[in-house]
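**Student:** Got a structure for you, questions after.
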């Protein structure tokens, strides 16, 4: 069957009205509809009772989502999961939907024009403070972010473990490691390695819980740490996973200078980031670049831009390793 090609104005209309889909997705994730349907289909009346919502209006929401393949109406006002709806379960992509489609995220993005005019974060303009300070003051939002980042970290860790051999390391510090998901995945594959998850106090408690839940407390510890102010504890290798893209070049240099202090000739800094490829082709990094601009004034970079950053603080990118999930691993050492 020939694929229907939309006219430019029809395709543009889809993008203009995208909130007609994304906003209902957010509400469905907030209500936990996918989790309720995980085992069995349910009627709208039962779903409304379980979610304390208005049944006729909930039906309209689910009917709209069913029209685009998210949930399916299998009987008269009885709904079931579809493969797309399964993505909205709490152990799948629900935390990402709750994060990227939240009111606070939209408020930041409503200031994109400010970012384009000034080069400064839309978030700061919207909230009067930077995102990291705001997150520390809003633990509920921080918890959702940690869950979303944790989901991404699982996939990243699996891809990185496939692509890189960590056998020569006995200790690794995940700098800005959030709730420790990435490190826990790595340690599960390398029983001889000891780990440190270093992050701000808001993530420190969650990391301790995750480490204990994974049964790794004898090999891994979480520490309260600010990579803008101090050097991390000495280890054989240091991870920076989706950290540098959150910051401008000047701040990245400060982070890298602090990390390089305990490094010696055998140490390795392992940076996991999306790379902007040359040319006009589609790249998720080009879109993510606008996200990090709005949220904190950061940027995605090319390989050469990362090499320049490292060179400015006495580090060299010795290898660039692609992974199957999209981000690349940059292996760096002291010059």
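**Student:** Work out how much length residue 213 to residue 4 would gain on full extension: take 0.36 nm times their residue separation and subtract the Cα-Cα distance, in nm to one decimal.
**Tutor:** Gain on stretching residue 213 to residue 4: 70.3 nm.
**Student:** So what's the back-of-envelope 222 nm ellipticity for the chain, counting only DSSP H runs of four-plus at -39500 (n - 2.57) apiece and dividing by all residues, rounded to 500?
**Tutor:** -14500 deg cm²/dmol
**Student:** So if we plug the beta-carbon distance of residue 18 and residue 254 into 1/(1 + (r/R0)^6) with R0 = 30 Å, what FRET efficiency do we get, rounded to 0.05?
**Tutor:** Plugging the Cβ-Cβ distance into 1/(1 + (r/R0)^6) gives 0.20.
**Student:** Quick one: which of 172-185, 288-301 comes out on top by average Cβ neighbours within 10 Å, and what's the full order, highest first?
**Tutor:** By packing density, highest mean first, the sequence is 172-185, 288-301.
**Student:** Residue 63 versus residue 334, label points 7 Å from Cα toward the beta carbon: distance in nm?
**Tutor:** The modelled label-to-label distance comes out at 6.8 nm.
**Student:** Multiply the residue gap between residue 223 and residue 319 by 0.36 nm, knock off their C-alpha separation, and tell me the result in nm, one decimal place.
**Tutor:** 31.6 nm
**Student:** Suppose each label sits 7 Å from its Cα in the direction of the beta carbon; what would the residue 284-residue 311 distance come out to in nanometres?
**Tutor:** It works out to 3.0 nm between the two label points.
**Student:** Distance between Cα centroids, region 317-333 to region 270-314: provide it in whole Å.
**Tutor:** 13
**Student:** Something else now. Taking R0 as 25 Å, what's the FRET efficiency between residue 132 and residue 230 from their Cβ-Cβ distance, rounded to 0.05?
**Tutor:** 0.95
**Student:** Taking only the Cα atoms of the chain, how large is their convex hull per residue, in Å³?
**Tutor:** 173
**Student:** In whole angstrom, note down how far apart the Cα centers of region 140-182 and region 11-64 are.
**Tutor:** Result: 31 Å between the Cα centres.
Every number here is computed from the coordinates shown, using simple stated rules; none is lab data. Computed from a predicted structure; not experimentally measured. Positions of Cβ are backbone-derived with ideal geometry, glycine not excepted, and every protein chain shown enters the neighbour counts.
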